[in-house]
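Written below as structure tokens is the structure these notes are about.
The values are calculated or read from the model by the stated rules, or taken from the named source; none is laboratory data. Predicted model only: the values in this text are computed from it and were never measured. No Cβ is skipped: glycine too gets one built from the backbone with ideal geometry, and neighbour counts run over all protein chains shown.
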Amino acid sequence: MPASCHGALPKIKGDVDLTIALAGNPNVGKSSIFNHLTGMGVVTANYPGKTVEVNMGKANFDHVKLGIIDLPGTYALGAISEDQWVARQAVLESKPDVIIMILDATNLARNLYMLLQFLDLGIPMVAALNVVDQAERQGISTDVEKMSEVLGIPVVPTVATSGKGIDDLIHTAVSAAKDECSCKARRTTLAYGQDIEEIIAFLSARIAHQLSKIPYELPPRAVATLLLEKDPDFVDLMSGTDSGKAILAEAAGLAELIETKHGEPAPIRIARERHGLAGSIAAEVQTSRGETSESVADRLWHYTTSPTTGLPILGIVLATIFGFLFYVGSLLSTVFSDLWAALVSPVMESIIHLLFGDSIIAKILMWGPDAGIQATLAVGIPYILTFYFIIALLEDSGYLNSVAFLTDRIMHNLGLHGRAVIPLVAGAGCNVPAIIGTRVLSTARERIIASILIVLVPCSARTAVILGAVYHYAGWRPAIGIYAIVFALVTLAGVALNQIMPGESTGLVMEVFPFRTPSFRTVARKTWYRFKDFVFVATPIVLGGSLVLGGLYETGWVWTLAGPLSPIVEGWLGLPAVAGLTLIFAVLRKELALQLLVTLAIVQYGQGAENLLNFMNPTQLFVYALVNTIYIPCVATVAVLGQELGWRRALIIMMATIALALAIGGAAYRLLLLLGG
């Protein structure tokens, strides 16, 4: 098969025959199609100076090797925000053979705006008309053939969550890419108002005549439109040559002509023309059956976004989540730990003693492969796996989006808007992707506030510590108490930051994402994708940390190193000094603190369900988990904070969390003593 006319995408490793870019807004099913094609095995890339990532993967389709670029989810193209800039720049620089634009059939006019922007760039396109099943339930029918004729590009109906239509979509995209290898883009009859088109045509002719090299080899019409929109990137590109400056002068004059005639700046007028064209196309190709009965999904959306019913439902959902975590996590913890202690631990102990006898090496090794793995089975896997499953279920059902709408007004008090709820909730799974997820927020102020609050949100690793130490040994009430303290801390921090930092939160702009029945396959894949990081990354760290702590313990060095911590750990927090040493190890991964503490208890007191209660009392376990929850996030979170906010801000956040953890932990210890804890 001939290679594509643009060549392989350099950033995708390995040879590919064709490159396909996926575009669309964040909630239209783009990630589902990307995951369906690539199987979640992806790499990411960043543009210099930008924090928004582009996901890339490979797929084989009918003996064609495809390179797939998943562009950042956005509602438009341009230089207004990082996600828009990166989406457009990735297309301009990688020159994909075809772009698949995923459209929401239930909100077609809004989605067509960005498709028209791509068409203005003269790039080969295929449209995926997604969620057609939901549209039909709402009484909306789309004439796909007519839509294809009007747009001048192929249109394929799909249901991304079930995979329906995706094979047809990729087949159409591959065919379109091969057709475009002559580098002759399809021509479309789409046009703006007559006067706007005349001005664009005039400027296009001047660009074609005067410029020997057009930026990114775009059609003259594309550059003319961008200059009339006063796109800063293309203005800079054109200002580097005399001929470019002459074009800029003409574009400025034509933009003034548009403003004089229409009474508004040229960029706004062109955007208005594009919105109007998108609306007229949607009206032409879609029909509505009029009165339709409200679907179950619509009723759920209404109930979950109305404050009267939504807040109680949210409370019930949160209570259900924690109840599920408590019950299932505790059950799995007991089962895994008992099975290991009964079936594996005796065999491993016999093998180690057979090889090394009763030497100090044997004792140290028992900390790692034996006690370390048992601690992982007892703490990490049961709670973290369960939590990731719940998060994936909520995401795939669409409930998190309704929570964003429900909490918008509340979030404004924290200097954010409702959309910030999604990364905050994601932070309960892992702070790292949640902080990266703040890129969907439109201002630096919002990203800073959201990132700070995410650091305080207990991730699944810290949840494992709370459940494994406090709930497992002291009961559910103290465990809920820790979450209540942290919730109050997050709220107070958000209110304070909103008052201190200049600026205001922006309005909420999101698509209405309907409820749907979660796909077990999608939920399972999301759960595994997140959980495998723990299996392949955390487990070796736990084993290594257990061996190090074992070496310190068996040689007596643990008491020497724990000594300097005594005034703070023992004197202020009321904890055993050696417990403070495990908190230091937790900077690597938060769950490591409890796993090392469990390991320490197992080695010191042997097997049994009450290991930690032989080592620390319920009050100490409460304070231990509380301090671990609040202070410095793990090194991975610190690294991403430095990347996203700068190392100065990351250092300030680290120091602030240490101070908060010590202050609140010590105060809680003394209060519990006064209450007879």
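Condition check for R445 on (1) surrounded by fewer than 19 Cβ atoms within 10 Å (Cβ to Cβ); (2) charged (D, E, K, R); (3) closer than 28 Å to D83 by Cβ: one failure, at (1). Could you tell me whether region 35-52 includes any residue that is at pLDDT 80 or above and surrounded by 15 or more Cβ atoms within 10 Å (Cβ to Cβ)? Within region 35-52, none of the residues are at pLDDT 80 or above and surrounded by 15 or more Cβ atoms within 10 Å (Cβ to Cβ).
Just so you know, in region 563-581 the residues that are under 27 Å from L377 (Cα atoms) and touching a Gly at 6+ places or on another chain (Cβ under 9 Å) include one that is surrounded by the most Cβ atoms within 10 Å (Cβ to Cβ), and it is L575. For region 448-472, a residue qualifies if it is under 20 Å from G503 (Cβ atoms) and in contact with an Asp or Glu (Cβ under 7 Å, 6 or more places away or on another chain), and exactly one does: S451. Per this entry, A127 is not counted among residues that are touching a Ser or Thr at 6+ places or on another chain (Cβ under 6 Å), buried (at least 22 other Cβ atoms within 10 Å of the Cβ) and among the aliphatic types (A, V, I, L, M).
A count restricted to region 394-426 and to residues that are of a type in the set (G, A, S), at pLDDT 80 or above and buried (at least 24 other Cβ atoms within 10 Å of the Cβ) stands at 2. Whether a residue is loosely packed, with under 15 Cβ neighbours inside 10 Å, outside the structural domain of A426 (by TED's automatic domain parsing) and in a helix (DSSP H, G or I) was assessed, and S345 does not pass this test. Restricting the search to region 644-669, which residues are farther than 16 Å from A484 by Cα and without any contact (Cβ under 8 Å) to a residue 60 or more places away in the chain? Selection gives G646, W647, R648, A650, L651, I652, M654, M655, A656, I658, A659, A663.
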